[in-house]
Amino acid sequence: MDKTKIIVVEDNIVYCEFVCNLLAREGFRTVQVFHLSTAKKYLQQAADRDIVVSDLRLPDGNGIDLLRWMRKEGRMQPFVIMTDYAEVHTAVESMKLG
């Protein structure tokens, strides 16, 4: 049986590798993505069981933009936003988008 794949969208390469290594130790397959545009390409072929972990701030957009795009496209994979910037309105908007 295939392991669940986690698509990690993070523009900080060192931190992205760190997160992917932690997830791999727990038995997950990971994909490193550094831009929102590349994430969309991966997600067009993602399985329903895949999971997205995205940074809030990306070079070509943000994690909320990616989540909004996913929901518009009917992509309902679980989505986790990680950030160093705690903003209540971002948390509220993320929750509303599912």
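None of the figures in this text is laboratory data; all of them are computed from the coordinates on show. Just so we're clear, the structure is a prediction, and the values are computed from it rather than from any experiment. As a convention, Cβ positions derive from the backbone with ideal geometry for all residues, glycine included, and neighbour counts pool all protein chains shown.
Can you tell me which residue within segment 1-11, out of those that are of a type in the set (D, E, K, R) and either part of a loop (DSSP other than H, G, I, E, B) or out of contact with any Asp or Glu (no Cβ under 9 Å at 6 or more places or on another chain) (or both), is surrounded by the most Cβ atoms within 10 Å (Cβ to Cβ)? My answer is GLU10.
Applying the criterion of being under 18 Å from LEU43 (Cβ atoms) and among the charged types (D, E, K, R) to the residues of segment 4-23, the residue that is nearest to the chain's Cα centre (by Cα) is GLU10.
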